[in-house]
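J.: What follows is a single structure, and I will ask about it in a moment.
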Amino acid sequence: MNYRAPRGTHDIFGEDAAKMSWLEQKARDIFKKHGFEEVRTPIFEESSLFIRSVGQPTDIVEKEMYTFEDKKGRKLALRPEGTTSLVRAFIEHKMDVLMPVSKFFYAGEMFRYERPQSGRYRQFHQIGAEFFCVSSPVADAEIILLACDLLDFVGINEMEARFDNGHFFEMKVHLNSLGCRKCRHVLREKLVEYLISLSNLCENCLRRLVKNPLRILDCKTDSYKFTEIPQLSSYLCDECKHDFDLLKSLLEVAKCDYVVDNKLVRGLDYYTKTVFEICCSDILSSINSSTPIKDAVNCYDQNFKPYYIKARRMNKDLNRRITLAAGGRYDNLVKDLSGQDTPAVGFALGSERVLIVAEKFGSPEFYKSFRKFEKVYVAIADQELFKEAFSFAVKIARNGLKNSKDISVFGPINDKSLTWQLKFADKIGARKTIIFVKTEFKKGKVLVKNMENKVQTEASICEL
Ligand code: HAM
């Protein structure tokens, strides 16, 4: 029997693994600059923790959680998201009592039993940040701008400008306020009034009408019916309205492009007040690199060649969005999980989605930055030079070459012909091969072969 990775999971190696590490490292640098500290929580937790936090009537809890019992019958779940685990850790380590303000970030695998497709997996990676103890919308603004900065860093934020007619591609912050415990019931009532005026709601929506009507706006089956939902933000209490207005003005001051999206409710129940999603047109299903058309400017594929989009499909798919990053405020969650009353706000981005989009549209800098290490192969033309070549390879792996410190060294491999070694060097994508030949070595020299243009030159060993 041939084993394969389970459906919805994938092995990440080679350049893809390098991209993932690169993205996480860049995120770490950015988070640290903003005063966030890293936290690593377990990959599994008690199932009841997620049920209480994410909410029973949500897709994540109802359909998507990977749950299992351990040998002692404890009910556990692979984490479907990072916020809940971080809040559990925050309370367990008494940070709600000890710390006046806390800022944390995390990066790691999450698990959801979803129908796999491009950009949607059963095991995927999130990079997220949570900001505790500040109730002012200044924290919301900081979190949203941080998410935008990260996307900006990989070149995604500029994409609208890249397609300068603005027609094919758009990336925007979608923003809404769901109110607090004081005004949420008014929003609910208005929404229920509207929803019961519609006919033919699906079974799921009818069930949620009683338990959690806000969740209905997220329904994949019925969402097309909700064309005239009441403007929920006009029913906010004074405090929520003030906070929402202040947040919008802060984003404007920071020149962050946003739209108020009345339908945005998010798929997790812990949110209060601000919710947001940073979305782009669903390009994952509509890109085809081999179909050149006009209008795509400043986009490059990984060989730095201009990248084009299939226009017709793109237009058709424009209504579909994919969410690259999302989050919001959750002022009740710490208390609901038995901690102190602690306001909080955060976001998470999906690393795979961000990398797929960046890969299709990223600037040449994106590729250059994670292809930092130049591959160098050390070969031997004469077997008796194996030890000398080996010690040279160890030396340059430790110290780099004079002209490039960031190298990745392969070889030497003994008992193989030079032809085999050169073919191997080509296969692994070595930029140059340093060849130990008896006659040259006696003069303190080696041959350096440029693997791209195949030009071979002599070089003194001590000058390399
Ligand atoms: P979420 O919207 O469920 O929010 O997930 C955040 C991001 O993770 C999504 O925008 C998407 O990019 C990515 N993502 C979600 N599901 C998948 C999947 N099956 N495959 C690939 N990528 C996926 C949360 O998880 C919240 N904890 C965010 C948050 C942090 N809110 C406050 N703090």
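J.: With respect to L236, determine if the residue is within 21 Å of R181 (Cβ to Cβ), of a type outside the set (V, I, T) and over 30 Å from the mean Cα position of the chain (by Cα).
T.: Judged against the criteria, L236 is a match.
J.: Within 30 Å of Q25 (Cβ to Cβ), modelled with pLDDT under 90 and either open to solvent by 70 Å² or more (accessible area, probe 1.4 Å) or hydroxyl-bearing (S, T, Y) (or both), is that true of K395?
T.: no
J.: Tell me whether the stretch 224-231 contains one or more residues that are farther than 30 Å from V134 by Cβ and among the hydrophobic types (A, V, I, L, M, F, W, C).
T.: yes
J.: Going through the stretch 188-235 one residue at a time, which ones are among the small types (G, A, S) and open to solvent by less than 70 Å² (accessible area, probe 1.4 Å)?
T.: Matches in the stretch 188-235: S223, S233.
J.: Exactly one condition in (1) within 14 Å of the ligand (Cβ to nearest atom); (2) closer than 15 Å to Q123 by Cβ is false for D59; which is it?
T.: Failing condition for D59: (2).
J.: Pairs please, first residue from the stretch 27-43 and touching a residue at least 60 places away in the same chain (Cβ under 8 Å) and in the same structural domain as A107 (by TED's automatic domain parsing), second anywhere and part of a helix (DSSP H, G or I) and surrounded by fewer than 18 Cβ atoms within 10 Å (Cβ to Cβ), Cβ atoms under 7 Å, 6+ apart in sequence or on different chains.
T.: I30/D149; E38/R28; V39/A89; T41/A89
J.: Restricting attention to the stretch 85-108, which residues are exposed (fewer than 15 other Cβ atoms within 10 Å of the Cβ) and in contact (Cβ under 8 Å) with a residue 24 or more places away in the chain?
T.: V97, M99, P100, V101
J.: What are the residues in the stretch 2-20 that are without any contact (Cβ under 8 Å) to a residue 60 or more places away in the chain and open to solvent by less than 60 Å² (accessible area, probe 1.4 Å), if any?
T.: A5, I12, G14, A17
J.: Being in the same structural domain as T274 (by TED's automatic domain parsing) and either within 30 Å of V154 (Cα to Cα) or in contact with a Gly (Cβ under 7 Å, 6 or more places away or on another chain) (or both) narrows it down to one of F50, F105, so name that one.
T.: F105
J.: Moving to a separate point now. If M314 satisfies all but one of (1) on the phi > 0 side of the Ramachandran plot; (2) modelled with pLDDT under 95, what's the number of the condition it fails?
T.: Among (1) on the phi > 0 side of the Ramachandran plot; (2) modelled with pLDDT under 95, M314 violates only (1).
J.: So, one more: Filter the stretch 90-110 down to the residues that are within 14 Å of the ligand (Cβ to nearest atom) and more than 14 Å from the chain's Cα centre (by Cα), then identify the one that is farthest from L247 (Cα to Cα).
T.: F90
J.: Let me ask another. Does the stretch 429-444 contain any residue that is in contact with a helix residue (DSSP H, G or I) (Cβ under 8 Å, 6 or more places away or on another chain) and open to solvent by 40 Å² or more (accessible area, probe 1.4 Å)?
T.: yes
J.: List pairs: first in the stretch 448-463 and among the aliphatic types (A, V, I, L, M), second assigned to a loop (DSSP other than H, G, I, E, B), Cβ under 8 Å, 6+ apart or cross-chain?
T.: V448/L464; M451/A430; M451/R431; I461/G444
J.: Across the stretch 21-58, what is the number of residues that are open to solvent by 20 Å² or more (accessible area, probe 1.4 Å) and under 21 Å from the mean Cα position of the chain (by Cα)?
T.: 20
J.: Would you be able to say whether some residue in the stretch 70-84 is surrounded by 12 or more Cβ atoms within 10 Å (Cβ to Cβ) and more than 23 Å from the chain's Cα centre (by Cα)?
T.: yes
J.: While we're here: Pairs under 7 Å by beta carbon, first residue in the same structural domain as G327 (by TED's automatic domain parsing) in the stretch 249-269, partner assigned to a helix (DSSP H, G or I) and among the acidic types (D, E), six or more apart or different chains?
T.: V265/D218; G267/D59; G267/D218
J.: If I go through the stretch 337-359 residue by residue, how many of them are within 14 Å of the ligand (Cβ to nearest atom) and either acidic (D, E) or at positive phi (or both)?
T.: The total comes to 1.
Here is a yes/no grid of residues against (1) in a helix (DSSP H, G or I); (2) among the β-branched types (V, I, T); (3) over 43 Å from the mean Cα position of the chain (by Cα):
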{"residue": "K405", "(1), (2), (3)": "no, no, no"}
{"residue": "D415", "(1), (2), (3)": "no, no, yes"}
{"residue": "T419", "(1), (2), (3)": "yes, yes, no"}
{"residue": "K423", "(1), (2), (3)": "yes, no, no"}
{"residue": "I434", "(1), (2), (3)": "no, yes, no"}
{"residue": "E440", "(1), (2), (3)": "yes, no, yes"}
{"residue": "K449", "(1), (2), (3)": "no, no, no"}
{"residue": "K454", "(1), (2), (3)": "no, no, no"}
{"residue": "E458", "(1), (2), (3)": "no, no, yes"}
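J.: Any chance you could count how many residues in the stretch 133-152 are more than 11 Å from the ligand (Cβ to nearest atom), more than 15 Å from the chain's Cα centre (by Cα) and buried (at least 23 other Cβ atoms within 10 Å of the Cβ)?
T.: 1
The values are calculated or read from the model by the stated rules, or taken from the named source; none is laboratory data. Quantities reported herein were computed from a predicted structural model and do not represent experimental measurements. Here the Cβ is made from the backbone with ideal geometry for all residues, glycine too, and neighbour counts use every protein chain on show. Please note that ligands, DNA and RNA were not included when accessible areas were found on the heavy atoms of the full protein model with its side chains. Shrake-Rupley method; radii C 1.70, N 1.55, O 1.52, S 1.80 Å.
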